[in-house]
Amino acid sequence: MLRRAVALTAGAVLVWTGGAVALAPVAHAGTVTPTVHCSLPAGQGEATGPQQMSVDLSPAVVDPGGKVHAKVTLGPSPATSGLSLSDVPTTPSIDFAMSGGATGTVTVTGPQINLDIPSGKPIEIPPYEGDFIIPASAKGPISFTPVRNLTRTKVLGSTYETPCDVISGGGSIGTVTAEGTAGLPATLTAPTTAVRPSTAVALTGSLWTAGATPVPSLCAADGGGCDTGKFVSGTLAISSSGELTGSAVLAAAGAVADGSYLVKVSDGTKEATASLTVKAYVPGGPRTIALSRPGAPLGSVIKVTGSNYFQDRWINTVALDASGATLDDTAVYVKSTADGTFSADFTVSDPAIAAIQVDEGNDPATVLTTPFAVTDASATLSAGAAKVKPGGTITLSGGDWPTGTTPAAALCAADGSACDSARISGSTLRINADGTLAGTVTVAGSTPRAVYALQVTAGGAQALTPLTVAPTFVVLTPSAGPKGTAVTVLGQGFAKVATVSIVGLRADGSQTSDPVRTKVVGLDGAFSQTFTVNATDTVAIRVREVLVNPRTETAAFTVQDGTVPAGPSFALSPSEGPLGTVVQVTGRGFAPVATVSVTGRTADGKQTSDSYVTRVIGLDGTFALNFTVRDPATRAIRACEVLVNGKIVQQSFTLS
């Protein structure tokens, strides 16, 4: 976790309001390291020691009864945990005693976070922010001294509090002045380092007219020649407490020259200025260009990218034939960005293309050329396990597809005839810049059980791959291997909580000498079991429910020469899809008879709002379950053993 010290803000800024000149109040921040005494919950005892506390308070001046915003950064606590815990819902807060212009105690409470708590190590809360209200009777400078921080954690359905009281070595972390703000000058803070044209300039301030509309302009260093046109867009806003936040985007380099300026903001009643230095990007090396593909079929759209160009310049991209002549109809024009790069979508529209040429602003001295080949379309297609339930989703992959085209899917008869796009109810297929095909297709729920050919077309390319649609099926991982291979048998669509038996079969349909394996089907109709193939005459593995009129499914297995390969420990199928996708989650190598919990994860590792799914791991260390992705923030799926120091594995999931 991060620790950071909050330092006092740099010197005051000159501001103008109604023609008068005044010093803007500085933001108030400070750091103390008192000794705190923590009372641990659930009879874990007590802990005493130093803890750093850094707090930033804003605005510097607030109306009596007004709102103050606090940014809080705490160092490691002397409190520790006897267990390693993951994703513990935790809500932090801190109390301040007021003195001077007001008395009493105020509390800053941060948002609930999911916290990983290591065993035996100091607990550290990430930085957080919150607001509090000063008394309506407050007047003049108010000093704030930390007196206690408190965390509330939720573990196993109960909420536990851990208070840490300051017992010595404390002190004020800053002051805020309670004063009517209507007649005070506004403040404005701009970046102190140089900014580039065409970029967003962050601006902040306080004591502005609440709810007014801020308008930025760029002025000469002496305050003259102010021009609102030097900013082309922005997100500036003034809050109900008079706080200015947001940014304003500078015009392009051709409109804003390098130099020293004043940025001015006006809200119709107040205005303030701050110094601003503008300096356009200067290339740090020779120009370079690159193609997303060195060759592609006709109709493809490739990416042409470059770096080390002057910013905001027209970049001209055009094809050449084998003799070096320009193919004018292929030309594409884009502008370089504020960091000297560019990206152009170039359509492969002429079979005579032999190279691609780039120049900056028609300057012959900037011409760069790279070879390119127009290739034949030879797209490939794969459907992974090639089995899916009616209404189910399966992941597709492939290569050598024409980029810039939109793929479409249809379900055909096994020989590739009678293709019907209506049997595909959903698709997230896409073709990446390198010509690879990715995404999922969802088979219509009314599709009859059969072996089909799945067809994908894009531009002039087309490919087929076998696909079995069945309400009940088994998938073997791997489906071939040497004697001794441990095969993960994954079943879908079986009777809930029924027992299934798993056996090897010979070519004549008789059972092999390998021992029978059994498994109880989950409530979602799925199961996973490991079956070790030792019989060299095995040609298939059969799964049968131990019921009257049982379902029976068979999958082929090929015994090969060689050594036993290592199997995957954690897998998702599919690994991408739209909201509502039911993902088959399987694992091996977990603790037998332990419970595994499967959850969705956001980009920063937090648990999503989707309900977790649990399953008891089999005696062979495997599990299988279905997890439905409903939270749009999902970026991964994680499996955790519900044990002290239990195994945690995670794989990414792509929403499409």
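Computed from the coordinates by the stated procedures, all read-outs in this text should not be read as laboratory data. All figures in this text were calculated on a predicted structure; none of them were measured in a lab. With ideal geometry, Cβ positions are generated from the backbone for all residues, glycine too; neighbour counts draw on all protein chains shown.
In percent, what relative contact order does segment 185-245 have, based on Cα pairs under 8 Å that are 6 or more apart in sequence? In percent, rounded to a whole number, it is 36. Working note: Cα atoms of segment 50-99, range along each principal axis, descending, whole Å: 47, 24, 15. Here is the P(r) of segment 387-469: all C-alpha pair distances, binned every 5 Å from 0, give 3, 17, 29, 25, 16, 8, 2, 0 in whole percents. Rounded to the nearest 20 debye, the dipole magnitude of the chain is 1620 debye, with +1 charges on Lys and Arg beta carbons, -1 on Asp and Glu beta carbons, and the Cα centre as origin.
For segment 14-178, the Kirkwood radius over C-alpha pairs fed into Stokes-Einstein at 10 °C and 1.306 mPa s yields D = 94 µm² per second. Annotation: cysteines of the chain without a disulfide-compatible partner (Cβ-Cβ under 4.7 angstrom) are Cys640.
An ellipsoid equivalent to the chain, defined through the eigenvalues of its Cα gyration tensor, has semi-axes of 57, 42, 19 Å when rounded to whole angstrom and sorted largest first.
Rounded to whole Å, the principal axis extents of the Cα atoms in segment 200-278 read 37, 22, 16, largest first. In this Cβ point-charge picture (+1 for Lys and Arg, -1 for Asp and Glu), segment 122-231 has a dipole of about 120 debye about its Cα centre. Each residue in Ser206, Ser513 was given a count of other beta-carbon atoms within 10 angstrom of its own, and listing them fewest first yields Ser513, Ser206. Which of the pairs Lys264/Lys335; Lys67/Lys270; Lys71/Lys279; Lys483/Lys519 have their Cα atoms more than 25 Å apart in this structure? With Cα atoms farther than 25 Å apart: Lys264/Lys335; Lys71/Lys279.
Segment 570-655: D in µm²/s via Stokes-Einstein (Kirkwood Rh, Cα pairs, 10 °C, 1.306 mPa s)? Diffusion coefficient, whole number: 125 µm²/s. For segment 288-374, the share of alpha carbon pairs falling in successive 5 Å distance bins from zero is 3, 16, 29, 26, 16, 8, 2, 0 percent.
Charge tally for Ala526 (other residues, Cβ to Cβ under 14 Å; Lys, Arg +1; Asp, Glu -1): +3. Charge dipole of segment 103-153 (Cα centre as origin; +1 on each Lys and Arg Cβ, -1 on each Asp and Glu Cβ, all else neutral): 220 debye, rounded to the nearest 20. Each Cα pair under 8 Å and six or more residues apart adds its separation to the average, and for the chain the resulting relative contact order is 7 percent.
For segment 344-436, the extents of the C-alpha atoms along the principal axes are 61, 22, 22 Å, listed from largest to smallest. Working value for segment 163-314: equivalent-ellipsoid semi-axes of 41, 24, 16 Å, each the square root of 5 times a Cα gyration tensor eigenvalue, largest first. Farthest towards the positive end of the charge dipole of the chain, among the residues Gly171, Gly211, Leu368, is the Cα of Gly171, using unit charges on the Cβ of Lys, Arg, Asp and Glu.
Built from the Cα atoms of segment 473-560, the convex hull projects on average onto 4.9 nm², one quarter of its surface area.
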